[in-house]
Amino acid sequence: MGTQFEPGDGRSDPSRRPDPSLSVIMSERRQLINLAYRLLGSLADAEDVVQEAYVRWYAMTPRQQEAIESPGGWLTKVAGRICLDQLRSARVRRESYVGEWIPEPLPDHAEWADGRPGAATADPADRVTLDESVNMAFLVVLEAMTPAERVAFILHDVFRYSFAEVAEIVGRSPAACRQLASSARRRIRASHAPATPAVRRAGIVRDFKRAWETKDIDALIGLLDPDATALADGGGVVNAAPVPIEGGEQIARYLIAVAGDVPEQTILERTVNGQPGLVVQHGGVTTSVLAFDIADDRITRCWAVRNPEKLRPWIEGY
């Protein structure tokens, strides 16, 4: 996590007395982490962005800070601009990424922390609130947007900033930002499948887990849509399917082969980005996190993140 800023207790140096606005400034951290994760699809990058925003705040003189009417608004503007710059450069970086790039999966901190040493001391300000705006299908659609579309849509539709405020961050007119958000909304609607009730989703994922564990290929095929797609992200660090796997039967056969190669793997039901998912462990260490999209009681898309750099919250605790 980022460095915690501590102004000192002021006992030896009057100029270092605690900043009365510090609690107000630091209270913005969770909001900023939530925003940056949705904009970037990476918790590690989101933490870096928020850290940089705070560095810029504390680089100002007290007089400059006092002149800012809304510190929270200032931090949001700075973080939003940093994210926009990162999104623009990310497109170039991902062209050289090995294999498929999938957004970094997030655990439910309460579920994952249960029974883990030190879990109670985790900083709640560093947690991302899990809701439908962070489910994997939603984040994947965001990846297809232009940086400006993504920033305008997330700031306005998810975080409810006015288009005038969005314009200051994106560097375009409010009317242009309105158009960007509208375009993003059309993308979301075009990819949106009818919602499957949460209990039903959990049941389908549980059946998928059992079929995979027992190597029941017919059951797997029955749970997968005939036109289902599976993507795996190994980042060139670990082995993963180099290309998308198309078709329910092909996916089922691939999963059975994987289970045969790693006979001692453990599959756990976990919440992944706010929805039912699976975690694969070997020797007690998380090696894969799977997220699903479900429509008409069948799995239509499966995302498997295997890149250990993206599994840090699952390995170290969140």
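The values are calculated or read from the model by the stated rules, or taken from the named source; none is laboratory data. All figures in this text were calculated on a predicted structure; none of them were measured in a lab. Here the Cβ positions follow ideal geometry from the backbone for every residue, glycine too, while neighbour counts run over all protein chains shown. The accessibility values were calculated without ligands, DNA or RNA, using every heavy atom of the protein model including side chains. Shrake-Rupley method; radii C 1.70, N 1.55, O 1.52, S 1.80 Å.
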Task: Inter-label distance, nm, simple model (7 Å from Cα along the C-beta direction), D297/A202 - done: 1.9
Task: Using alpha-carbon coordinates, inclination of helix 43-58 to the longest axis of the chain, degrees - done: 0
Open item on the list: What does the C-alpha gyration tensor say about the overall shape of the range 254-312? Classify as rounded when a/c is under 1.5, otherwise prolate if a/b is larger than b/c, or oblate.
Closed with: oblate
Task: Fluctuation leader among A176, A232, A44 - the chain, Gaussian network, Cα springs under 10 angstrom - done: A176
Task: Only Lys, Arg (+1) and Asp, Glu (-1) charged, at Cβ; the chain dipole about Cα centre in debye - done: 760
Task: Accessible area (Å², 1.4 Å probe, nearest 10) - W74 - done: 60
Task: ³J(HN,Hα) computed for each position of the range 140-147 - Karplus, 6.51 cos²θ - 1.76 cosθ + 1.60, integer Hz, glycine/proline x - done: 5, 5, 4, 5, 7, 7, 6, x
Task: Per-peptide average of other Cβ atoms within 10 Å, ordering 139-145, 274-280, 61-67, 289-295 highest first - done: 289-295, 274-280, 139-145, 61-67
TODO: May I ask for the angle, rounded to the nearest 10°, between helix 174-191 and the longest principal axis of the chain, with both axes built from Cα atoms and the value confined to 0 to 90°?
DONE: 20
TODO: Might you tell me the accessible area per residue for the chain, computed with a 1.4 Å probe and given in Å²?
DONE: 49
TODO: Would you mind calculating the relative contact order of the chain from Cα pairs under 8 angstrom and at least 6 residues apart, reporting the percent as a whole number?
DONE: 19
TODO: Could you check how many percent of all C-alpha pairs in the range 164-311 are farther apart than 22 Å?
DONE: 47
Task: Tilt relative to the chain, helix 198-213 - C-alpha long axis, 0 to 90 degrees, to 10 - done: 50
Open item on the list: In whole Hz and in residue order, list the ³J(HN,Hα) couplings for the range 62-71 that follow from phi through the Karplus curve 6.51 cos²θ - 1.76 cosθ + 1.60, θ = phi - 60°; x for Gly and Pro.
Closed with: x, 5, 5, 5, 5, 6, 8, 5, 10, x
TODO: Please list the non-local residues whose amide H lies under 5 Å from the amide H of S288, H modeled 1.01 Å from N, same-chain partners needing a gap of 5 or more.
DONE: V280
Open item on the list: Counting only protein heavy atoms and a 1.4 Å probe, tell me what percentage of the chain's accessible area is made up of carbon and sulfur.
Closed with: 51
Task: Stretch gain in nm, segment A219-D48, where the contour uses 0.36 nm per residue and the Cα spacing is subtracted - done: 57.2 nm
Task: Amide H contacts under 5 Å for R301, placed H, 5+ residues apart - done: T229, D293
Task: Most positive-pole-ward Cα, L35, I169, T286, against dipole of the chain from beta carbon charges - done: I169
Task: Inter-label distance, nm, simple model (7 Å from Cα along the C-beta direction), Y58/R94 - done: 3.2
Open item on the list: Using a Cα-Cα cut-off of under 19 Å, which aspartates and glutamates could be cross-linked to K215, ignoring same-chain neighbours fewer than 8 residues away?
Closed with: D207, D225, E249, D261, E264, E269
Open item on the list: In 5 Å bins starting at zero, report the fraction of Cα pairs in the range 225-283 per bin as a rounded %.
Closed with: 4, 15, 18, 27, 27, 8, 0
